[in-house]
Amino acid sequence: MEQVIFYGLALIAIVGALVTIFARNAMYSVLALVVTFFAMAGLYLQLNAEFVAFVHIIVYAGAIMVLFLFVVMMLNLNSVSSIVSNNASVKWLAGLFGLAMAGILGYGTYVTTLPARGNNPAENGTVKVLGKMLFNEYLLPFELTSVLLIATMVGVIVLTKKEE
C-alpha cells in the first residue's frame, strides 16, 4: 500500500511539474506548482518527516505561492509572448542546463547517504529529533540566525520609514 501511495504522489508531482513548465497560461502554471508542492509534502510525510512536510506546505504552498500569484496578477502575464522565448539558442541552452542539472541530481542521489541521527531511523525528521538537534548541536547557529533576522527586520523598517 505504501508503494501505491508513493507512486501516486510521485506521479502527481511529476505531472504537476510538467504542467508548471509547459502551461501556456501563467495562472495554470502557478496552480500546478501548488499541486506539486502538496504532492512533495505527501512524500515527506511518507518519510516520517512531518515537520518538513508541514513547513513545506506553510512556507512554499502558503507564503511563496501567494507572492507568485500576486506577481502574476499584477504583471498580467496572460500573453504567451511575455513568458516564452522563441529564440532557438535560448531553448537549446535551457535544455543543456536542464540535462546538466539532471546529471548533477542523479550523481548526488547516487553518492549521498543520509546519516541516521537518532537511535531509531524511522524517527529521523520528526519534530522531536529536529528539536533536539536544533537546541543541542546547532544552538549557536540558531541563535545567530535569529539575531540576523531581527537585525534585517529592523533595517527594513528603518529603510522604508518615510521622513516626516
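The values are calculated or read from the model by the stated rules, or taken from the named source; none is laboratory data. Owing to the predicted nature of the structure, the values given are computational and were not obtained by experimental measurement. Using ideal geometry, Cβ is built from the backbone for each residue, glycine included, and neighbour counts are taken over all protein chains shown. Ligands, DNA and RNA are stripped out before the accessible areas are found, and what is left, the full protein with its side chains, is counted by its heavy atoms. Shrake-Rupley method; radii C 1.70, N 1.55, O 1.52, S 1.80 Å.
The requirement of being surrounded by 10 or more Cβ atoms within 10 Å (Cβ to Cβ) and either at pLDDT 55 or above or part of a helix (DSSP H, G or I) (or both) is not satisfied by VAL84. Here's a check for you: in the stretch 1-19, which residue that is under 24 Å from LEU69 (Cβ atoms) and open to solvent by 30 Å² or more (accessible area, probe 1.4 Å) is nearest to the chain's Cα centre (by Cα)? Within the stretch 1-19, the match that is nearest to the chain's Cα centre (by Cα) is ALA17. Among the residues of the stretch 46-62, the ones that are farther than 24 Å from VAL72 by Cα and open to solvent by less than 30 Å² (accessible area, probe 1.4 Å) come to 2 in all. Note on the stretch 44-57: residues that are assigned to a helix (DSSP H, G or I) and over 13 Å from the mean Cα position of the chain (by Cα) total 4. From the set of residues in the stretch 21-45 that are at pLDDT 90 or above and touching a Leu at 6+ places or on another chain (Cβ under 7 Å), which is surrounded by the fewest Cβ atoms within 10 Å (Cβ to Cβ)? The residue in question is LEU43.
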